[in-house]
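The values are calculated or read from the model by the stated rules, or taken from the named source; none is laboratory data. Every value quoted in this text rests on a predicted model; they were computed, and no experiment measured them. Here Cβ is always computed from backbone atoms with ideal geometry, including for glycine, and neighbour counts include all displayed protein chains.
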Amino acid sequence: MSAADNLAAVEADITRACQDARRPRNSVTLIAVSKTFEADAIRPVLSAGQRVFGENRVQEAKGKWPALVDEYPGTELHLIGPLQSNKAKDAVTLFDAIHSVDRDSLCEALGKVLPQAGRTVDLFVQINTGEEPQKAGIAPQDADAFLVACRERWGLTICGLMCIPPVDEAPAPHFALCAKIAKRNGLSKLSMGMSADFATAIAFGATHVRVGSAIFGHR
Ligand SMILES: *Cc1c(COP(=O)(O)O)cnc(C)c1O
């Protein structure tokens, strides 16, 4: 199977999951996660019409994406990995969305560089739903206060929440928790679901699914 074939299969699965959840297909955005893949592996997916891509490192994305965005106008880039505060300026220049807002120091940096960037960047707060010590994200019990601080202290408009469930647990309760926190904070976007569980995430309200290996193959 080529990456374009894989993309079509993922598209079909998303359409089916939307039907099952009685949601319109256009309520879910597919983010094709191209991290670690070179431009030559990404081009066929762009040629097949996919225009929203995810990367987890600013440096890597800076190296390969500007030329591809020139080749394929209208391409949207989402940063899905951890962001160091000293790369915030580069990130808001290159990316249309950041899914990994997870601490005060990053909020402070974003609050400084965003007004200068002269463009809109969708911001998602990452929630560590499994409260895993090695994983980034705000603990569920701290989420409401953090969201208030984003707005009132740092002047940031947050559009939604992102989560990555623990690998060894059923994802559904984590998606449900993330959706619940978003709802009570009036946030409309939910970035959740990867190759193995995007259909489940859609059933729990995901508006953005981040799918890598199911499209590009193993990394
Ligand atoms: C790599 C990555 C993905 C994609 O994972 P797959 O299992 O390959 O679909 C999604 N989200 C984040 C945050 C990632 O780092």
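Taking the condition over 17 Å from the mean Cα position of the chain (by Cα) and either at negative phi or away from the ligand (no atom under 13 Å from the Cβ) (or both), does Ala170 pass? So that I can check it myself, show each step before the final result.
On the way: over 17 Å from the mean Cα position of the chain (by Cα): yes; either at negative phi or away from the ligand (no atom under 13 Å from the Cβ) (or both): yes.
Spelling it out, Ala170 is indeed over 17 Å from the mean Cα position of the chain (by Cα) and either at negative phi or away from the ligand (no atom under 13 Å from the Cβ) (or both).
Consider Thr36 carefully, then state whether it is in contact (Cβ under 8 Å) with a residue 40 or more places away in the chain and at positive phi.
Details: in contact (Cβ under 8 Å) with a residue 40 or more places away in the chain: yes; at positive phi: yes.
So Thr36 passes the test.
Return the total of residues in the stretch 76-96 being within 13 Å of the ligand (Cβ to nearest atom) and out of contact with any Phe, Trp or Tyr (no Cβ under 7 Å at 6 or more places or on another chain). Steps first, please.
The first filter runs over the stretch 76-96 and keeps only residues within 13 Å of the ligand (Cβ to nearest atom), leaving 78-83.
From the residues that got through so far, the ones that are out of contact with any Phe, Trp or Tyr (no Cβ under 7 Å at 6 or more places or on another chain) too are 80-83.
Total meeting the criteria: 4.
Conditions first: (1) within 16 Å of the ligand (Cβ to nearest atom); (2) under 17 Å from Pro165 (Cβ atoms); (3) of a type in the set (Lys, Arg). Lys189 passes all but one, so which condition is the exception?
Failing condition for Lys189: (2).
Which numbered condition trips up Arg22, out of (1) touching a helix residue (DSSP H, G or I) at 6+ places or on another chain (Cβ under 8 Å); (2) within 23 Å of Met192 (Cβ to Cβ)?
If we test Arg22 against (1) touching a helix residue (DSSP H, G or I) at 6+ places or on another chain (Cβ under 8 Å); (2) within 23 Å of Met192 (Cβ to Cβ), just (1) comes out false.
In the stretch 38-60, which residues are within 20 Å of Lys89 (Cβ to Cβ), in a helix (DSSP H, G or I) and either at pLDDT below 95 or within 14 Å of the ligand (Cβ to nearest atom) (or both)?
Scanning the stretch 38-60 gives Val58, Glu60.
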